[in-house]
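One structure is given below, encoded as C-alpha cells.
The values are calculated or read from the model by the stated rules, or taken from the named source; none is laboratory data. Please read all numbers here as calculations on a predicted model, not as lab measurements. All Cβ positions, glycine included, derive from the backbone under ideal geometry; neighbour counts span all protein chains shown. Accessible surface areas use protein heavy atoms only, side chains included; no ligands, DNA or RNA. Shrake-Rupley method; radii C 1.70, N 1.55, O 1.52, S 1.80 Å.
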Amino acid sequence: MAVCVAVIAKENYPLYIRSAPTENELKFHYMVHTSLDVVDEKISAMGKALVDQRELYLGLLYPTEDYKVYGYVTNSKVKFVMVVDSSNTALRDNEIRSMFRKLHNSYTDVMCNPFYNPGDRIQSSGSDAAEPGFPVITTWIPTCEKRMGGRPGHGPCPLGFPRMPRPLTAW
Amino acid sequence: MDAPEAPLPPVIYTMENKPIVTCAGDQNLFTSIYPTLSQQLPREPMEWRRSYGRAPKMIHLESNFVQFKEELLPKDGNKALLTFPFLHIYWTECCDTEVYKATVKDDLTKWQNVLKAHSSVDWLIVVVENDAKKKNKTNILPRTSIVDKIRNDFCNKQSDRCVVLSDPLKDSSRTQESWNAFLTKLRTSLLMSFTKNLGKFEDDMRTLREKRTEPGWSFCDYFMVQEELAFVFEMLQQFEDALVQYDELDALFSQYVVNFGAGDGANWLTFFCQPVKSWNGLILRKPIDMEKRELIQRQEATLLDLRSYLFSRQCTLLLFLQRPWEVAQRALELLHGCVQELKLLEVSVPPGALDCWVFLSCLEVLQRIEGCCDRAQIDSNIAHTVGLWSYATEKLKSLGYLCGLVSEKGPDSEDLNRTVDLLAGLGAERPETANTAQSPYKKLKEALSSVEAFEKHYLDLSHAAIEMHTSIGRLRSAKFVGKDLAEFYMRKKSPQKAEVYLQGALKNYLAEGWALPITHTRKQLAECQKHLGQTENYLQTSSLLASDHHLTEDERKHFCREILSFASRQTDSPGQKIVLPLHCFAQLRDLHFTPSNAVVHVGGVLSVEITLCSQMPMPVQVEQVTINVHFSIDKNNYRKTAEWLTKHKTSNGTINFPTETSPLPAPQNNLPALELYEMFERSPSDNSLNTTGIICKNVHMLLRRQESSTSLETSSGVALEDGAHVLKCSGVTLEPGANRITFRTQAREPGTYTLRQLCASVGPVRFVLPHLYPPVQYDVYSQEPQLRVEPLADSLLAGIPQKVKFTVTTGHYTVKNGDSLQLSNAEAMLILCHAENRAVIYSNTREKASDALLRVQSSDKVTSIGLPAAPAYHMIEFELEVLSLPSAPVTGGESSVLGMTESHRKHKDTQKAGQCMATTDHKVSIDCPWSIYSTVIALTFSVPFRTTHSLLSAGTRKYIQVCVQNLSELDFELSDGHLVDPDSNADLRLVPLNAKSPQHIRSKQSVFFVWELKWTREPPPSLRCRFSVGSSPASGGRLSIPLKPYTYEFQVENFFTLYNVRAEILPPSGTEHCRTGSLCSLEVSITRLSDLLEVDKDEALTESDEYFSTKLMYEVVDNSSNWAVCGKSSGVISMPVAARATHRVHMEVMPLFAGYLPLPDVRLFKYLPHHSAHSSQLDADSWIESDGLSVDKHVDEQPDGGGGRCRGSAHLASGGEHRGLPMPRLQALPPGQVFNASVGTQVLVIPSKDDHVLEVSVT
C-alpha cells in the first residue's frame, strides 16, 4: 500500500498528488518534490541506453528512514512517484512495478478522456477516504477546473481521493 | 610465514589465513624445499570447478604448511574450516630399500593409519630424488623400485598419490619439469580437497539451516558456521563468495525480523530485542571486530551489535572488491533498516540514541570510504555519499533539537540530563580512532557539548550537504536542506540568514508549481520578513498567504488582519505608499461598459462595471478603487460615427480577463539558440584583412534578464502611474468572492481612452494591477448632424405612392421644437401627407426613446417637415410617401418622331439587357435647421410599364394596336384605356375594339389594346395619338389619392394604303396542279388604290400631260427556297398615279418541293432617280445582285411585318453606307402603304411523276 502517489508533469509540476495520512500531506509533497532530483538523475543517466528497452520503471529513488520512494517515467516524461511505508516489507519490486503499471493505465485513461486538457491537474473521483488502508487509484474523472478551493483537512478536497469499490488486499 | 617446525600458532582470523597443508616424514627435506615450494605454488592459477553449477574460477593457491600432528585432524562434529587441514603430504627422499623397509614404510603406515582413523583421504606422498645421494650409495636399487614399492604398498589403485620430485634444488630442465608436474599435482589435489570438503561443509551447513524451525536452533551458532565458510572463501581470496555468505546471513536475519513483525516469532530473536544500551556506531577500521564477534558467539549481541558486525564484514569485503560506493549505498540501507527493525521488534531505545548511532555510523562510513579513495574519486561519486551526509545532518539536527541546543536560551537541565545519558551510551572512544582528530566520536561529543559547537558542526554539515547536492545538480534536495537550515536560523533568531534560504526554496517551488510547499515556505518567509522588518515584503507575502486556499480560514484571516492593521496604523502619518501587486489581493474577472460598445459621445455618461474577485477571507474596506486611464486623440474617426455605433455592436460589452494562473509554472525557459556569424573587417585601401571575429546576432535575446527570477516574490517593481484621467470609486467594501464595482464618468474630450492600471487603496497600501490585459479602451466622439434619405424598397416605382425613410442623426445638435426640414418640391414628385405620420426617436444605441406626430405642411414650392424635439446624439426616423408622376406628354412633330425612335431604341436595348425598367431621377433639395447649406437628395424612380404600338392593315382598313408590358414585380390593374387624337381631327375616328376594363396585368405580362382607324376624308399623312390608361396596384387597397393615368404618345404615318399587290401562281396550261420541277407562271398584279395624294409628291413622281406616274421596283424573293425564280426576279415599272391603275408582271417560277407552298414574297420599292445631292445611289440590278442578302436581312429584322414603324430613315441610314457611283435609290414603301392581298396564300404542288430527282440548290 502506497502512502503517497504523485503524477508529475514533464515540467515537474504536480498533476496529481495524493497521500494517505492527510495530516502529513506537506511532508509527502516535500518528499516527492525532492525525489524529482533523483528522477532527473536517473532519466539522464538512463539516456539512450534504456530508451530502446522501454524500461519505464526507475526503481527505488531513495530510501528514507520511514519511507521508500519509487519512480516511474512515461515515454512522454510524465513522472509517477510512489511513496511506500518502509515497514511494509510485503511490497517487493514486482508489486511496485505492477502498481506503477496500474497507475500508468489510469493515467492513459485520463489522457484519453476528450474533456481532459493535457497539462491540467488531474482530479480523481470519490470523496476523501479517511479510512486507513486507503486504496489508491481506480478511476480518475478529471475535470477542467483548476484547483481553487479546498484546504487540507477542511471539507472535501478537490483532488477527491478515490474510493475503491472493493478493497484490494494486494496493495 | 610460520616455520614448519614452529608449534601450531593459534588461529588468527586475519587476512593472513591460508589453507592448511600438513607435512609428515622427512622434516629436514621439507624445510629445504619449502622456500621454493611456497614461492612456486601461487605462481600459476588453477581452474577451480565448482559444485552446484557455480561458475568455475581461476584461483591462485597458497598454503600454510604445518607439521603433521594427529591433533590437527578434526574430530567428528568439529565444523571449523579455517583450521581444517585440506591436504596431508608425506615427504621422503629414501632411496635405499633397506632403509625403506626398516623405517620409512612403518612411518608411512602409521601416518596412513592416523589419516584413515580420521577418514581423511586427501593425502600425497612425495619422493624426492637426489642424484648426489644416489652416487654416494652405489648398492642401491634403481629408484623406481622404491617408488614402485610405495605405490604398491600404499597407493592402492591410486598410483598418482605418489609423486616424484627430482633434484628439486637444482637448476635444470629436468628439475623444472619435475617441479611443474609436482605443483600441478599439488594444486589439483588441493582443489579437489577444497571441493570435497567445502561441499561437505556446505551440505552440513544447509542441513543446519533447514533445522531453523526447530526449537533450540540458534541463529548465532548458525552465523558462526556460515561465517566459517565466508572466512574460507576470503582465505581463498574469493571475496565475492565470502560476501555472498554474509549477504545470505543478512537476508536470513532480515527475514526473521520481518516474520517476527508478522507475528511469527522465533525464540532466539527475543534475545535481540533487549533494550539498546550502547550506540557507539559502526566500526569499520578493523577487518574483523572481534569484540562484537565474540558477543555473537556468546549469544550476547544486541541487534545493533549483530548488524554492526555484519556490516563491518560486508564493508571489508566490498572494499577488497574495490566497491566503496556500494558501501555507502548499503550503509544507508542498513541504517534505515536498523531503525525500522528496532521499531518493528519494539526494542526500547532511549530517545536520541538511534540518532547518535546513525550519526556516528554515517560519519564512520564516510571516513572509511575517504580513507581508501582519493579526492578525485570521492568528488566524482558524491551522488553515492551525499545521502549519508544529509542523513547525518538530519540526525545531528534532531539531536540538537532534542538536547536543547537549537533554542535561543540554550539547553535546560532536562536537556543536559538527556545529553549526559546520550554521551554515556557512546562509551569510551575506541583505540583505533583515539588518535584521529576528526573521528565521528569526537565530533559528536563536541557537537553535543555546547550550543556554539553544535552550531558549528551543524552548519558545517549542512553547508557540505547543500554544496554536494548542488554540485551534482540535486537542486531540490539542496533547497530542502537549506530550508532546514533556515528553520535553524529562525530558531536562533537570525532571520537575515534564514531569508536567503527561504527565498531560494520558494523560488524553486514556485517555478515548479508545488502548491503546498509554496504555502508552507511562504509562511516561514512571512515570519522571517516580519522579524526583519521588511514591511513591504511582509505585506506582500501576507497578502499572498491571506489569499492562499491551502491555509486554514484562521490562518488566512490572521494574515489579512496583519495587512489591515498595518494599514490602519499608518493612516495617521502620511508616510509613503506601499505598492503591492493586486493579483494576490483580488482578481479582476471582467469589465463591462455601458453603453456596451464602449463608445460614448461628448458629454455622455459612461459607466464601467468591474467584477473584482476578492481573495481575502474577510470583508475588506477599501477607501478607493481607481482606474488609471490614458488619453489619446484618435485619428480614426470612423470608429466614432453613429454609423459605426449602429453597425458594430459588441456581443454584450463584457470583457473577460483571464484568471491569474494558479501556480502552474511556465514551461521551462527555452533560451534561444546562439546565432553566430563570422565577421571579417577589411582595410578599405588594399582589402587586406584587418580583424575577424564572431558575432552573436541575438545577444539581446540571450542576455535578457530572466524576469521570472525576480518578479516572483520580491516586490515586483510595480510602478504607480499618475495620470490626469482617473476613474474613481470610493468607499468600497470588498466581500470575499466576487464584487461588482461601478465607475461613472462623463465624457469630455473626444478621443480614445485606454484603461491602464487598476489600483485599490487600503490606507497607505496600494494594490495595483499594473497592466490590464487584454487592453481595454473606450472612445469618446463628437459628430455632426446628418440627414439620410433612402427608399424602403429596393427601388422606387413611378406612378404609385412609395415610402421613403428619413433618418436624422442629431449628432451634437439638439433638435428644438419648431425645427423643420424644408423640402423644395420637385416638379414631378409629390410628397403625400398623411394625417398620422409618426417620427420615432432613437438613442444612439438604437434604443427607442420616444415617438411623436410628424407635422408636414405642403405649399406649392416647399414641403415643411416639423421635426420633433430630440436631444443630441439621437436619431429621428420617419417615413414619407412620395409619388413620382408619369412624365409630362411630349409635343412636337419631327422631334417627337425622333424622340420616339430613340426611346424605342432604348427600350429595345434594355429589352435585350434583361427587361430593365426605364428610370427617372428626381432631385430634392432639403434645408436642414443645423446648416445653412441645402442638402440635395436624388431619388430614382423606375417606370413599371413599357408600351409599344403597331399599325395593322386589312386592305384599306387600318387598326392601331397598343401593347402595355408590365416590367415590375407588382401586379397592376388597368382601367379606362383611351386612345385619342390630340389634334382632334374631325375626319378621323378611333373605334375601340377592347374588352371591358379594368384589366389585370400581372408582373412580367402584357396587355394589348386595339382601335380601328376610320376616316371620312382624305387622311393626313401622319396621325398623332395619345394612349392613356389608368393604373393602380392590384393589391394596393384603397388609395388615398387618385392616381394620374399612364400615358403614351406616338405618331403613325403613311397609314393609308396606296398599292395592292396580288400574286398568283398558275399551273402550266393543261395541268390541274403545279408539279415539282415544272415551270409555273407567277402573275403579280400591282394596283394603285388612290389618286394622287400628298405622300406621293416626291422625286419619283413624274408628270406628263396631267398624268402622274411614279417609278416602282418590284422584287420577288423566296426566303424559304421553295421556289426557283426563272429569269428576272425584279424590275422597275412606271406606275400611273391614278386609282385602279394596275400593272401586271408575269414571271416563271419552278416549285422545288411538293406540298402546299407559300407564295414567294413580292416587295415593292420606290425607285428614286439618282440625284446629285445624294452621295450614294444604287443601281437596281447591281444593288440586287450585291445586296440582295442585306435586303433580306433587313426584312428578317422585322418579322412582325409592317405597321406604323418609321423605317424609312433607318433604311436611309443603312443605305448611306454605300459608297460609289451615283445610282438610283430604292426606298421601301412604308408598310401601311402597301397591302399584300395574297399574303398567306398557298399553292398546292404535287410531286412530279418523273422518277428522277431534280436537285437545284438556290442560296
### Query
From the residues in the range B:27-48 that are in contact with a helix residue (DSSP H, G or I) (Cβ under 9 Å, 6 or more places away or on another chain) and farther than 23 Å from B:Leu82 by Cβ, which one is surrounded by the most Cβ atoms within 10 Å (Cβ to Cβ)?
B:Gln40
#### Entry: Entirely in the range B:411-500, the helices (runs of 4 or more DSSP H) that have 3 or more residues that are over 49 Å from the mean Cα position of the chain (by Cα) and either more than 30 Å from A:Ser44 (Cα to Cα) or modelled with pLDDT under 90 (or both)
B:413-426, B:440-447, B:451-471
### Query
Where residues in the range B:71-80 are surrounded by 13 or more Cβ atoms within 10 Å (Cβ to Cβ) and in a loop (DSSP other than H, G, I, E, B), which of them is farthest from the chain's Cα centre (by Cα)?
B:Leu73
### Filter result (part of a helix (DSSP H, G or I) and in contact (Cβ under 8 Å) with a residue 12 or more places away in the chain) within the range B:540-557
B:Gln540, B:Thr541, B:Ser542, B:Ser543, B:Leu544, B:Leu545, B:Ala546, B:Glu553, B:Glu555, B:Arg556, B:Lys557
### Out of B:Glu562, B:Glu555, sole residue that is more than 14 Å from chain A (Cβ to nearest Cβ), closer than 18 Å to B:Gln615 by Cβ, open to solvent by 30 Å² or more (accessible area, probe 1.4 Å) and in contact with a helix residue (DSSP H, G or I) (Cβ under 8 Å, 6 or more places away or on another chain)
B:Glu562
### Message
Among the residues in the range B:498-511, are any within 17 Å of B:Ala392 (Cα to Cα), within 14 Å of another protein chain (Cβ to nearest Cβ) and aromatic (Phe, Trp, Tyr)?
### Response
no
### Task
Being within 11 Å of B:Phe65 (Cβ to Cβ) and surrounded by 15 or more Cβ atoms within 10 Å (Cβ to Cβ) is the filter; apply it to the range B:3-23 and report the residue that is modelled with the lowest pLDDT.
B:Pro4
### Task
From (1) in a loop (DSSP other than H, G, I, E, B); (2) away from every other protein chain (no Cβ under 14 Å); (3) touching a Lys or Arg at 6+ places or on another chain (Cβ under 6 Å), pick out the condition that doesn't hold for B:Cys584.
(3)
### Task
Tell me which residues, restricted to the range B:81-134, are assigned to a helix (DSSP H, G or I), hydrophobic (A, V, I, L, M, F, W, C) and surrounded by 15 or more Cβ atoms within 10 Å (Cβ to Cβ).
B:Val99, B:Val104, B:Leu108, B:Trp111, B:Val114, B:Leu115
### Query
Taking the range B:328-362 as the search range and keeping residues that are of a type in the set (S, T, N, Q) and away from chain A (no Cβ under 11 Å), which one is farthest from the chain's Cα centre (by Cα)?
B:Ser348
### Task
State which residue is nearest to the other protein chains (Cβ to nearest Cβ) when the search covers only the range B:370-410 and only residues that are under 19 Å from B:Cys315 (Cα atoms) and part of a loop (DSSP other than H, G, I, E, B).
B:Asn381
### Query
Among the numbered criteria (1) within 21 Å of B:Thr393 (Cα to Cα); (2) surrounded by 19 or more Cβ atoms within 10 Å (Cβ to Cβ); (3) of a type in the set (Asp, Glu); (4) modelled with pLDDT under 90, which single criterion is violated by B:Asp355?
(4)
### Query
Restricting the range B:247-271 to residues that are among the polar types (S, T, N, Q) and under 60 Å from the mean Cα position of the chain (by Cα), which is most open to solvent (accessible area, probe 1.4 Å)?
B:Gln255
### Filtered residues of the range B:292-310 (kept if modelled with pLDDT of 85 or more and of a type in the set (Asp, Glu))
B:Glu294, B:Asp305
#### Entry: strands (runs of 3 or more DSSP E) contained in the range B:610-719 and holding at least 1 residues open to solvent by less than 50 Å² (accessible area, probe 1.4 Å), closer than 30 Å to B:Phe585 by Cβ and modelled with pLDDT of 60 or more
B:620-632, B:654-656
### Query
Out of all the residues in the range B:520-539, which are open to solvent by 10 Å² or more (accessible area, probe 1.4 Å), in contact (Cβ under 8 Å) with a residue 12 or more places away in the chain and within 14 Å of another protein chain (Cβ to nearest Cβ)?
B:Arg522, B:Lys523, B:Gln524
### Task
Within the range B:1088-1127, track down each residue that is crowded, with 18+ Cβ neighbours inside 10 Å, under 22 Å from B:Thr956 (Cβ atoms) and basic (Lys, Arg).
B:Arg1088
### Query
When you look at B:Glu1072, is it among the acidic types (Asp, Glu), more than 60 Å from the chain's Cα centre (by Cα) and open to solvent by 40 Å² or more (accessible area, probe 1.4 Å), yes or no?
yes
#### Entry: Condition broken by B:Ala478, with the remaining ones in (1) in contact with a Gly (Cβ under 9 Å, 6 or more places away or on another chain); (2) touching a residue at least 24 places away in the same chain (Cβ under 8 Å); (3) buried (at least 21 other Cβ atoms within 10 Å of the Cβ); (4) not charged (D, E, K, R) satisfied
(2)
### Task
Within the range B:481-519, track down each residue that is farther than 19 Å from B:Glu455 by Cα, hydroxyl-bearing (Ser, Thr, Tyr) and open to solvent by 30 Å² or more (accessible area, probe 1.4 Å).
none
### Query
Quick one: which strands (runs of 3 or more DSSP E) sit completely within the range B:994-1087 and have at least 2 residues that are over 21 Å from B:Ile960 (Cβ atoms), modelled with pLDDT of 80 or more and touching a strand residue (DSSP E or B) at 6+ places or on another chain (Cβ under 8 Å)?
B:1022-1033, B:1059-1066
### Query
Residues in the range B:742-755 that are within 13 Å of B:Val625 (Cα to Cα) and open to solvent by 30 Å² or more (accessible area, probe 1.4 Å): how many?
2
### Tally of residues being over 16 Å from B:Gly352 (Cβ atoms) and open to solvent by 50 Å² or more (accessible area, probe 1.4 Å) across the range B:392-412
2
### Task
Please determine, by comparing only the residues of the range B:844-892 that are at pLDDT below 80 and open to solvent by less than 40 Å² (accessible area, probe 1.4 Å), which one is farthest from the chain's Cα centre (by Cα).
B:Gly892
